[in-house]
Amino acid sequence: MSINEPNLEQSRGVIARYRAFLPVSESTPIISLGEGNTPLLSSARLSKKVGRDCEVFIKNEGVNPTGSFKDRGMTVAVSKAVERNTRALICASTGNTSASAAAYAARAGISCVVVLPAGKIARGKLLQAVAYGAKIVAIDGNFDDALRVVREIGEDNDFAIVNSINPDRIAGQKTAAFEIVDLLGDAPDLQLLPLGNAGNLTAYWAGYREYHGSRRSTKLPAMIGFQAAGAAPIFHNRVVEKPETIASAIRIGNPASWKQARAAIDESHGAVDVVTDEEILDAQRWLARNEGIFVEPASAASIAGFFKSCDSKDGAYSFEKIPPGSRIICTVTGHGLKDPDAVAKDVVDLAPVAANPEAVRRAIAL
Ligand code: AN7
């Protein structure tokens, strides 16, 4: 490499970094926005809460190119779709999948249709799909209805479905588990995740298993998923017809990867639990104010779940029984700016004061 050649190594994305573990070949055109390689932050405050020399890390997936973990799967799904000469992508979404699909379609130079539950998408996510130039269709129904329609449309081969029912999405998303093992030098003991359509927990488990199988780790984590109390089909073991939660990203009543996630939770001796909207919003606020990490409500489910597992004996998983020195990962999945309305009630009166130091000092003292 000559001295003047740019070194783009860190921006090459998850396919370049984990090619051997992904379903790509030399002839696959790589469509990437430099996803992955997200921060794994040690949290002294959360570690102290568990005690017994345990260490807690936050994997901040909100730092991906479109602000959520979906980009890891989308780079693989869109690269494979382009390899197959697909001209258009289609997805149903609670918001983040559509933002990611729209961006990667733009990067690939193909079109993208997103089918969304009308009025149920966080503002920032909808604006992303608009900005990236996707064709947006709002349906009179919820996410589960949108996915049903997309599955039917996707059957005639004009479209590539890029929801997590597409195995290329799961393959890409497992790279988050690879990164964690690569950074820690071994697998963690517990992996906490928000649980919606259940693709991500399925993907992490696949990643941990694959690395373990190739002897890059000596153990496997317990997988612990957290659903919103009003949208908890896996927890209750039944379809929820009208899921409701402030965490719109995980407002899902009939998860596509239900069986796979259930199997991962069982095999890993993990658990599924629920967190209330109030717990979710408290955790979101706590994380922003105490760690400087602003996440959307759905992402805060893993942190809310962490607190529940620390505090309560009635939770599905109690940290009291974990061995001293355990390493715990809380993955936060999406950026807080995507859903500004969720924090709108915290916005104080911003009536302007005079533009002089005295007035500003007075305002601060209030
Ligand atoms: C921030 O975008 O389902 O359990 O359509 O956006 O893999 O579904 C989003 C899900 C967690 C749940 N956190 O992950 C969609 C969509 C955030 C999310 C989840 C989602 P899965």
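The values are calculated or read from the model by the stated rules, or taken from the named source; none is laboratory data. Just so it is clear, the model here is predicted, and its values are computed rather than measured. All Cβ positions, even for glycine, are placed from backbone atoms using ideal geometry, and neighbour counts span all protein chains on display. Side chains are part of the model used for accessible areas, which takes the heavy atoms of the whole protein and leaves out ligands, DNA and RNA. Shrake-Rupley method; radii C 1.70, N 1.55, O 1.52, S 1.80 Å.
Given the conditions (1) in a helix (DSSP H, G or I); (2) within 16 Å of the ligand (Cβ to nearest atom); (3) surrounded by 15 or more Cβ atoms within 10 Å (Cβ to Cβ), and given that D182 satisfies all but one, which numbered condition is not satisfied?
In the conditions (1) in a helix (DSSP H, G or I); (2) within 16 Å of the ligand (Cβ to nearest atom); (3) surrounded by 15 or more Cβ atoms within 10 Å (Cβ to Cβ), D182 misses (2) alone.
Confirm whether K59 is closer than 25 Å to I121 by Cα and open to solvent by 10 Å² or more (accessible area, probe 1.4 Å).
No; evaluated as a whole, the condition is false for this residue.
Here is a yes/no grid of residues against (1) under 18 Å from I252 (Cα atoms); (2) within 14 Å of the ligand (Cβ to nearest atom):
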| residue | (1), (2) |
| --- | --- |
| A108 | no, no |
| C112 | no, yes |
| A118 | yes, no |
| Q128 | no, yes |
| I139 | yes, yes |
| V150 | yes, yes |
| E155 | no, no |
| A160 | no, no |
| P167 | no, yes |
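I need every pair where a residue in region 113-124 that is at positive phi and open to solvent by 10 Å² or more (accessible area, probe 1.4 Å) has its Cβ under 9 Å from the Cβ of a residue that is of a type outside the set (K, R) and modelled with pLDDT of 95 or more, sequence separation at least 6 or different chains.
G119/A138
Before we move on, is F306 within 25 Å of I180 (Cα to Cα), within 16 Å of the ligand (Cβ to nearest atom) and of a type outside the set (G, A, S)?
In short, yes.
Could you tell me how many of the residues in region 45-95 are of a type in the set (A, V, I, L, M, F, W, C), over 23 Å from A283 (Cβ atoms) and near the ligand (Cβ under 10 Å from one of its atoms)? Quick ask: steps written out before the conclusion?
Of the residues in region 45-95, the ones of a type in the set (A, V, I, L, M, F, W, C) are 46, 50, 54, 56-58, 63, 69, 74, 76-78, 81-82, 88-92.
Filter again for over 23 Å from A283 (Cβ atoms), leaving 74, 76-78, 81-82, 88-92.
Subsequent filtering for residues that are near the ligand (Cβ under 10 Å from one of its atoms) retains 91-92.
So the count comes out to 2.
Which one of these does R151 not meet: (1) closer than 22 Å to A203 by Cα; (2) in contact (Cβ under 8 Å) with a residue 24 or more places away in the chain?
Going through (1) closer than 22 Å to A203 by Cα; (2) in contact (Cβ under 8 Å) with a residue 24 or more places away in the chain one by one, R151 breaks only (2).
In region 230-253, which residues are assigned to a loop (DSSP other than H, G, I, E, B) and either exposed (fewer than 13 other Cβ atoms within 10 Å of the Cβ) or within 18 Å of the chain's Cα centre (by Cα) (or both)? Full working, then the answer.
Let us first name the residues in region 230-253 that are assigned to a loop (DSSP other than H, G, I, E, B), namely 230, 232, 237-247, 251-253.
Once the filter is applied, which keeps residues that are assigned to a loop (DSSP other than H, G, I, E, B) and either exposed (fewer than 13 other Cβ atoms within 10 Å of the Cβ) or within 18 Å of the chain's Cα centre (by Cα) (or both), region 230-253 yields A232, N237, R238, V239, E241, K242, T245, I246, A247, R251, I252, G253.
Spot the failing condition for F159; the list is (1) within 20 Å of N96 (Cα to Cα); (2) modelled with pLDDT of 95 or more; (3) of a type in the set (F, W, Y), and only one is missed.
(2)
Which ones in region 1-52 are in contact (Cβ under 8 Å) with a residue 12 or more places away in the chain, open to solvent by 70 Å² or more (accessible area, probe 1.4 Å) and in a helix (DSSP H, G or I)?
Those that are in contact (Cβ under 8 Å) with a residue 12 or more places away in the chain, open to solvent by 70 Å² or more (accessible area, probe 1.4 Å) and in a helix (DSSP H, G or I): Q10, S11, R17, R45, K49.
Within region 206-225, track down each residue that is more than 9 Å from the ligand (Cβ to nearest atom) and open to solvent by less than 20 Å² (accessible area, probe 1.4 Å).
Our first condition is that a residue be more than 9 Å from the ligand (Cβ to nearest atom); within region 206-225, this holds for 206-224.
Those that are more than 9 Å from the ligand (Cβ to nearest atom) and open to solvent by less than 20 Å² (accessible area, probe 1.4 Å): G207, Y208, Y211, S217, P221, A222, M223, I224.
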